[in-house]
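Step one of this worksheet: look at the structure below.
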Amino acid sequence: MILFLTLIYIAILVILIKTKLVPLNTFTKTSPLLFSLLLMLGIFVPMQFTAPSGPVVVGKHVVQIVPLVAGQVTEVAVEAYTPIKKGDLLFRIDDRPYKAAVAAVEAQLFLAKRRLDQSTELQQQRAGSIYEVEAAETQVKSLEAQLDGAQFNLDNTEVFAPTDGHVTSVALREGSMVVALPLAQALAFVDDSNAILVAQIHQINLRHVAPGQEVEIVLKTRPGEIFKATVEHVVTDLATGQMAPGGVLPVPGEILPAPFFVRIVLDDPEVSSSLETGAAGVAAIYTGEFEVSYMIRRVMMRMDAWLAYIVPV
């Protein structure tokens, strides 16, 4: 950008010299160098920490869909990359064993309640003991708890979408066996209700960045577009500074000033939900300091937006 502005200055200077509005002397010959130096020290260096810029990536929460019960899949109700609403059916597990378990417990509970009624009646007539009543009450409560568990298992033979989103490649098929184990995911569900945008800003340029500040974003997947956003918070904790407990002394190593992350929220929720997971680009944060440099930064962002048509990185 400095070179571009310097070339414009030189072009204007040549025109002024040709028209003899400006004399050709030592000062005019060296003025492009002075102009570049003034741009560097007066605008571009302060701009790095009053309107810092850095790479940004779009992330989304991915929910690992693991059924709470095991069984054979009888229906897969979704297709890959098809929009899904919260509460839509994802897949169904054969519920016959779980219906049978509910029916069995219900039958036992029916009998236990009748036994409780009989024990209570006998105890009131002094023909039975309070112990028999308490034992019958305990049996009823135990079976009611078992019925809740059996009904819970039956209800979870149908697996629903936790939020708006989509599933990635669907390898699940009717007849597949699924199990209730954390490491045996049936589907990967991408939450489209909210995108997480994170920008990397070097530590030296982070001094004025704070929540609520204006942000402009350019993404490679959306060339020619500028997205308005806001700083949500600054993630000022990095793994390089984490002190984990251990039985050895610290090992000396080179310390490098790694960039911090700034979490950003797009102003338009509809745009946020439509962004591609992993889309990359550039973000510029306008901190409210030294606003004279903002025009240069905004021009640079728009240049990046149009260059996204032809520059892959």
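The values are calculated or read from the model by the stated rules, or taken from the named source; none is laboratory data. Source: prediction; values computed, not measured. With ideal geometry, Cβ positions are generated from the backbone for all residues, glycine too; neighbour counts draw on all protein chains shown.
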**Prompt:** Going through region 227-266 one residue at a time, which ones are polar (S, T, N, Q) and assigned to a loop (DSSP other than H, G, I, E, B)?
**Reply:** Thr236, Gln242
**Asked** Only one of (1) surrounded by 17 or more Cβ atoms within 10 Å (Cβ to Cβ); (2) of a type outside the set (Phe, Trp, Tyr); (3) over 25 Å from Val262 (Cβ atoms) fails for Leu197. Which number is that?
**Response** (3)
**Hey, Met243 modelled with pLDDT of 85 or more, loosely packed, with under 15 Cβ neighbours inside 10 Å and either out of contact with any strand residue (DSSP E or B) (no Cβ under 9 Å at 6 or more places or on another chain) or more than 30 Å from His166 (Cβ to Cβ) (or both) or not** = no
**Message:** Criterion first (within 39 Å of the chain's Cα centre (by Cα), of a type outside the set (A, V, I, L, M, F, W, C) and either in the same structural domain as Ala184 (by TED's automatic domain parsing) or not in a strand (DSSP E or B) (or both)) does Glu79 satisfy it?
**Reply:** yes
**Identity of the residue in region 16-31, among the charged types (D, E, K, R) and surrounded by 10 or more Cβ atoms within 10 Å (Cβ to Cβ), that ends up modelled with the lowest pLDDT** = Lys29
**Prompt:** If only one of Asp95, Asp117, Asp88 is more than 30 Å from Gly288 (Cα to Cα), of a type in the set (Asp, Glu) and touching a Ser or Thr at 6+ places or on another chain (Cβ under 9 Å), which one is it?
**Reply:** Asp95
**Message:** Looking for something part of a helix (DSSP H, G or I), closer than 13 Å to Gly71 by Cα and either out of contact with any His (no Cβ under 9 Å at 6 or more places or on another chain) or not assigned by TED's automatic domain parsing to the domain that holds Val69 (or both) - is there at least one such residue anywhere in region 111-131?
**Reply:** no
**Request:** Would you check if Leu275 is touching a residue at least 60 places away in the same chain (Cβ under 8 Å) and more than 18 Å from Ser53 (Cα to Cα)?
**Result:** yes
**Complete:** With criteria (1) modelled with pLDDT under 90; (2) touching a Phe, Trp or Tyr at 6+ places or on another chain (Cβ under 7 Å); (3) crowded, with 16+ Cβ neighbours inside 10 Å, Pro223 comes up short on (1)
**Asked** If Ala199 satisfies every condition in (1) of a type in the set (Gly, Ala, Ser); (2) assigned by TED's automatic domain parsing to the domain that holds Leu109; (3) in contact with a Gly (Cβ under 7 Å, 6 or more places away or on another chain) but one, which is the exception?
**Response** (2)
**Message:** Just to be sure before I move on: is Ala150 of a type in the set (A, V, I, L, M, F, W, C), assigned by TED's automatic domain parsing to the domain that holds Ala100 and touching a helix residue (DSSP H, G or I) at 6+ places or on another chain (Cβ under 8 Å) in the structure I sent?
**Reply:** yes
**Prompt:** Considering only region 192-216, how many residues are modelled with pLDDT of 90 or more and within 12 Å of the chain's Cα centre (by Cα)?
**Reply:** 2
**Prompt:** Which residues, counting only those in region 267-291, are part of a helix (DSSP H, G or I) and in contact with a helix residue (DSSP H, G or I) (Cβ under 7 Å, 6 or more places away or on another chain)?
**Reply:** none
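Looking at the structure I just gave you, is Leu90 surrounded by 13 or more Cβ atoms within 10 Å (Cβ to Cβ), at pLDDT below 90 and in the same structural domain as Pro67 (by TED's automatic domain parsing)?
No, not satisfied.
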**Request:** Residue by residue through region 57-83, note down the ones that are surrounded by 15 or more Cβ atoms within 10 Å (Cβ to Cβ) and over 24 Å from Leu183 (Cα atoms).
**Result:** Val57, Val58
**Prompt:** Asp164 fails exactly one of the following numbered conditions: (1) under 30 Å from Lys60 (Cβ atoms); (2) out of contact with any strand residue (DSSP E or B) (no Cβ under 9 Å at 6 or more places or on another chain); (3) of a type outside the set (Phe, Trp, Tyr). What is the number of that condition?
**Reply:** (2)
**Message:** Could you list, ordered by first residue, the pairs with Cβ atoms under 7 Å in which the first is in region 173-188 and surrounded by fewer than 10 Cβ atoms within 10 Å (Cβ to Cβ) and the second is assigned to a loop (DSSP other than H, G, I, E, B), at least 6 apart or interchain?
**Reply:** Pro182/Val66
